[in-house]
Amino acid sequence: MATVAGRQNRVGRDELFFLISAIIMTIILVGGFSLQLAAGRSSFGSPVPVHIHAVIFFGWTMLYLAQNVLVDRGHHQIHRTLGWLAVIFIPAMLVMGVFVTVVKVREGQTPFFFQPLYFLIMNPLSVLFFAGLATAAIVKRRQTQWHRRLMFCAMTILLGPGFGRLLPMPLLIPYAGTAVFAAFMLFPIAGIIRDARLNGRVHPAWWWGIGALLVMQALISVIAVSRPGLAFYTMVTADAPGSLIDPLAFPPFSGSAAPPPPITQR
C-alpha cells in the first residue's frame with residue numbers, strides 16, 4: 001500500500017510541475033506581448049497575415065495550458081480528444097511562422113537587435129524544431145512520461161518571442177539571440193533538476209529534448225554566418241527592399257538617423 005501511495009504521490013507532483021510550468025510559460029508569452037503593446041512598440045495595425053499568425057500561435061499556447069489543466073484535474077479522455085487539434089495547429093504554425101518571417105525580411109523590417117540573416121534563419125528553424133519535437137511527442141502519446149517531456153521541450157522554443165519582448169534586447173546586442181536561448185533553456189533544465197530530486201534519475205526524454213534544442217541553436221548560429229545562409233537571404237529578398245540591407249549588419253537603433261523597424265515576432 002505504501003508503494004502504491006508513493007507512486008500516486010509522485011504522479012500528482014509530476015502533473016503539478018507541468019501545470020505550473022505551463023502557467024508560467026503562458027504568463028511569459030502574454031506578458032511579453034502585452035508589454036510591447038502597452039509601450040506602443042506594437043499595435044493592431046499589422047497586416048492580416050501577422051494577425052493570423054498571432055491567433056494561431058496564441059491558440060496553441062491556450063491549448064497547451066488547457067491540456068495541462070485537464071490532466072491535473074484527471075480529465076484524461078478529454079485531454080486525449082482535444083489533443084488531436086495539434087494535427088491542425090502544428091502545420092499551420094509551421095506555414096505561418098515561415099511565411100511571416102519571409103515577408104518581414106523581404107520588407108526589411110527585422111528587429112534591430114537581430115541581424116537580418118540571423119532573423120531569417122532563426123525563425124524558420126525554431127518553428128521547424130518545434131514541429132519536430134511536438135510531432136515526436138504525439139507519436140509517443142501512449143508513453144506519458146515521454147509525451148509530456150517532449151511536448152514541454154517543444155513549448156520552450158515558443159517562449160523565444162516572449163523573452164524577446166521582456167529582456168533588455170538592445171543591451172544584449174550582439175548576443176540577443178543567445179540570451180533568449182539561454183532564458184528558455186532554464187525550463188528543461190528545471191525539469192532535469194526536478195526529475196533528479198524526485199525520482200533519483202533523469203528521464204531520457206529530457207536529454208533528447210535538450211539535445212534537439214542545442215542542435216537547433218548551433219544550426220542557427222552556423223548558418224547565419226555561412227555562404228549558404230547568405231545565398232538563401234539573397235534568394236528570399238530578390239527584388240525586394242530587404243535586398244538593399246546588409247544581412248550581417250544590425251538594423252538602425254532608435255535615436256539614429258533612420259527609425260528602427262517595428263518589432264514583429266521573434
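Derivation of every value follows stated rules applied to the coordinates shown; laboratory data play no part. All of these numbers come straight from a predicted model, not from anything done at the bench. Cβ coordinates were reconstructed from backbone atoms using ideal geometry, including for glycine residues, and neighbour counts include every protein chain displayed.
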Separation of the Leu214 and Leu171 label points, Cα + 7 Å toward Cβ, nm | 3.0 nm
Given a Förster distance of 51 Å, the FRET efficiency implied by the Cβ-Cβ spacing of Val225 and Arg142, rounded to the nearest 0.05, works out to 0.75
So how strong a dipole does segment 11-238 carry about its Cα centre when Lys and Arg Cβ are +1 and Asp and Glu Cβ are -1, to the nearest 20 debye?
-> 340 debye
Can you give the direction-averaged projected area of the convex hull of the alpha-carbon atoms in the chain, in nm²?
-> 15.0 nm²
Efficiency of FRET from Cβ geometry, Ser34 and Leu198, R₀ 22 Å, rounded to 0.05 = 0.05
Computed label-point distance, nm, for sites Ala66 and Ile27 using a 7 Å Cα→Cβ extension | 2.3 nm
Build a GNM of the chain with springs between Cα atoms under 10 Å: which of Pro251, Pro111, Pro49 gets the top mean-square fluctuation?
-> Pro49
Log entry: pair-distance distribution for segment 72-170, C-alpha pairs binned every 5 Å from zero, whole % per bin is 2, 12, 18, 21, 16, 12, 9, 6, 4, 0
Fewest-first sequence of His75, His53 by Cβ atoms within 10 Å of each Cβ = His75, His53
Folded to 0 to 90 degrees: helix 176-199 orientation relative to the chain principal axis, Cα = 10 degrees
For segment 50-118 versus segment 120-163, the gap between their alpha-carbon centres in whole angstrom | 10 Å
Taking the alpha-carbon set of segment 23-91, what are its Rg and Dmax in Å?
-> 14.6, 43
Selected from Met62, Met169, Met216 as most flexible by GNM, with the chain as the system and alpha-carbon contacts under 10 Å | Met62
When the chain is treated as a GNM, springs tying every alpha-carbon pair under 10 Å, which of Asp195, Asp239, Asp72 comes out with the largest mean-square fluctuation?
-> Asp239
